[in-house]
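Encoded as structure tokens, the structure appears first; notes follow it.
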Amino acid sequence: MTGFLGALVEHEFLQRALAGGLLASIGCGVVGSYVVVQRISLLAGAIAHAVLGGMGVAWYFGAPPLAGALAAAVIAALVIGGVKLRFAEREDTAISAIWALGMAIGILFISRTPGYSVDLMGYLFGNLLMISSGDLGLIVALDAVVLLLVLVFFRQFLAVCFDAEFAQVRGLHVERYYLLLLVLVALTVVMLIQVVGLILVIALMTLPAAIAGRFIHSLAAMMALATLLGAVFTTGGLALSYAPDLPSGPVIIVVAGMAYLLAAAFGRPR
Amino acid sequence: MTHALSLRNVSFAYDGPAVVEDVTLEVGEHELLGLIGPNGGGKSTVLKLAAGLLRPDSGEVLVFGRPPAEARDRVGYVPQFARFPRDFPITVAQAVLLGRVGGRSGLRWSAGDRAAAGRAIEETSLGELSRRPLSALSGGELQRVLIARALAVEPRLLLLDEPTSSLDQRAEADVLALLSRLTDRMAVVLVSHDVGFVTEYVQRVACINRTLLCHQTGELTGELMRDLYGHSVRAIQHDHRSGT
């Protein structure tokens, strides 16, 4: 661990990696809490995987992959939300189809693009050590958008998550808030892809919030604690992975997963 | 005279045969009406039509003479609590405040919102529980929270879906006594499949099994019960006796 601290002072790429993990924890804690209380982790997983389609297309046309990821995430969120709202009875099939279709499209485009393989692994499993200052800027911007929307619509989101039927009787446009919430999930997915990669996104999005939810009785406090836990897991995972030169994304998820199991075993039963 | 709620020749189908057919019903401004009938008979659908959650395929629904969408501030809605997620991270006080949610944005509730929620908490005797998380409540307490949230709207028409199902008799009696007190300032419509106990409190029952079968005060006759429930009459009459 002292080795990690020494390296942190010395290497700018490590400082960027640490900052990336800490900044992504904000979106992760806030939006992850909604994902957990709304029980939409399957939807979040589908959005995360469908993102590969957008990245592949962007790659093929020489655009920045994260721009493709952002576009694909928002489109996937709106399509999945539409499916969920219109065809509730077949939603799991439709959502799984979008999940797989996005990945298939991504792989096809990537296979037609020369010289792809190293970066593909980075986007599937994350490579925090390769994060650029431009990537950090994107995470800051996405955090800002997420926090602004959550602050402005906090009560509406709370009402819709708690009891959509009652919120509708009160005159809220429940479907609009639901779709907006899925767009927030999409933005957070794009942030977290840079930290742990798209395959591991769901774990980082849900585990800190799920642990927080065992000890906390208000949504705002759950978000704060989940953010803190996310910061601990990303920082801890990064530090643990550094000396043995392990991939940081999977180590972060293992740390988060162990913490979740410990909380489940020793936490207050709910 | 304006009725709190009036349905005129209302029909509704989800996808298939009509669930509610040609129902005409009026509820006075201080009335406690029980909507009863078998499961799947369309009672909850009638309530959702009244709340503006569903639009009738034909006929007209009016709340204080206006379409439900224009009368939202006068309607308190209490969903079936038995299906409610108990593990949501929220306290009693926060849940009741959500009755005040509307178009306005921001993190803070206004003083008026807090006052209305406070009165609703007091009226439902939830004062001591107001800081408790929802997950720590009994069924009867959770039901009172959902009623308090609807009262925080300061409604003049309160609509309740199965407010007493899966409550023990004491909690059921408490809820029904509260509802009958509320009629001094609002109309109350409650859906129940549990005929016996509810008829002790309501002023009038409307029996619904797709169509409106009866509409009357006082005791239900065996013949009507047979029309309404078919073969299950015996069991229900037994429930009725044990409930009194």
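Every read-out reported here was derived from the displayed coordinates using simple, explicitly stated rules and does not represent laboratory data. Quick caveat: nothing in here was measured; it's all calculated off a predicted structure. Ideal geometry is used to build each Cβ from the backbone, glycine not excepted, and the neighbour counts take in all protein chains shown.
Report relative contact order for the range B:51-190 in percent, whole number only (criteria: Cα-Cα under 8 Å, sequence separation at least 6). Spell out each step's value before the answer.
Working: 181 pairs, mean separation 45.5, N = 140.
Taking the mean separation of contacting Cα pairs over the length of the range B:51-190, I get 32 percent.
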(request) Using the Karplus curve 6.51 cos²θ - 1.76 cosθ + 1.60 with θ = phi - 60°, work out ³J(HN,Hα) for each residue of the range B:118-128 in order, rounded to whole Hz, and write x for Gly and Pro. (result) x, 5, 5, 5, 5, 4, 9, 6, 9, x, 5
(request) Pull out a ≥ b ≥ c, the square roots of the eigenvalues of the alpha-carbon gyration tensor of the range A:127-215, then state rounded if a/c is under 1.5, prolate if not and a/b is larger than b/c, and oblate in the remaining case. (result) prolate
(request) Kindly provide the helix-only [θ] at 222 nm of the protein assembly as shown, computed as the sum of -39,500 (n - 2.57) over DSSP H runs of four or more divided by all residues, to the nearest 500 deg cm²/dmol? (result) -19000 deg cm²/dmol
(request) Using amide H atoms built 1.01 Å from N in the peptide plane, name the residues 5+ places from residue B:29, or on other chains, whose amide H lies under 5 Å from its own. (result) B:4
(request) Would you mind computing the Rg to Rh ratio of the range A:18-170 from its alpha-carbon coordinates, Kirkwood style for Rh? (result) 1.00
(request) Looking at the protein assembly as shown, send over the antiparallel percent of its DSSP beta bridges, to the nearest 5. (result) 50
(request) Rank A:41, A:25, A:111 by mean-square fluctuation in a GNM of chain A with C-alpha springs under 10 angstrom and give only the top-ranked residue. (result) A:111
(request) State, to one decimal in nm, how far the label point of residue A:112 lies from the label point of residue B:135, with both points 7 Å from Cα in the Cβ direction. (result) 4.9
(message) At R0 = 41 Å, how high is the FRET efficiency between residue A:121 and residue B:84 if r is their beta carbon distance? Nearest 0.05 is fine.
(response) 0.40
(request) Treat each spin label as a single point 7 Å out from the Cα along the C-beta direction, and report the residue A:261 to residue B:200 distance in nm. (result) 5.4
(request) Let me know the shape class of chain A, please: from the alpha-carbon gyration tensor, a ≥ b ≥ c as square roots of the eigenvalues, rounded when a/c is under 1.5, otherwise prolate if a/b is greater than b/c, or oblate. (result) oblate
(request) From other protein chains only, count the Cβ atoms within 10 Å of every residue's Cβ in A:169-175, then give the mean. (result) 6
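With charges set only on the Cβ (+1 for Lys and Arg, -1 for Asp and Glu), what does the dipole of the range A:139-266 come to about its Cα centre, in debye to the nearest 20?
The dipole magnitude comes to about 180 debye.
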(message) Taking θ = phi - 60°, what integer Hz values does the Karplus form 6.51 cos²θ - 1.76 cosθ + 1.60 yield along the range A:83-95, in sequence order, with x for Gly and Pro?
(response) 4, 4, 6, 8, 10, 3, 6, 10, 5, 5, 5, 4, 5
(request) Just the Kirkwood number for the protein assembly as shown, please: inverse of mean 1/r across all distinct Cα pairs, in Å, one decimal. (result) 25.3
(request) For the range A:168-182, take each phi angle, set θ = phi - 60°, evaluate the Karplus expression 6.51 cos²θ - 1.76 cosθ + 1.60, and give the result in whole Hz per residue in order, putting x for glycine and proline. (result) 5, 4, 6, x, 6, 7, 4, 5, 4, 5, 4, 5, 4, 4, 5
(request) List the relative contact order of chain A as a percent without decimals, with contacts defined as Cα pairs under 8 Å and 6+ residues apart. (result) 31
(message) Of all beta bridges DSSP finds with both residues in the range B:53-198, what is the antiparallel percent, to the nearest 5?
(response) 20
(request) Please give the contour-minus-distance gain from residue A:42 to residue A:85: 0.36 nm per residue of separation, less the Cα-Cα distance, rounded to one decimal in nm. (result) 14.0 nm
(message) Given a Förster distance of 45 Å, report the FRET efficiency between residue B:9 and residue A:92 from their Cβ-Cβ distance, rounded to the nearest 0.05.
(response) 0.70
(request) Over every pair of different alpha-carbon atoms in the range B:1-68, take the mean of 1/r and invert it; report that Kirkwood radius in Å. (result) 12.1
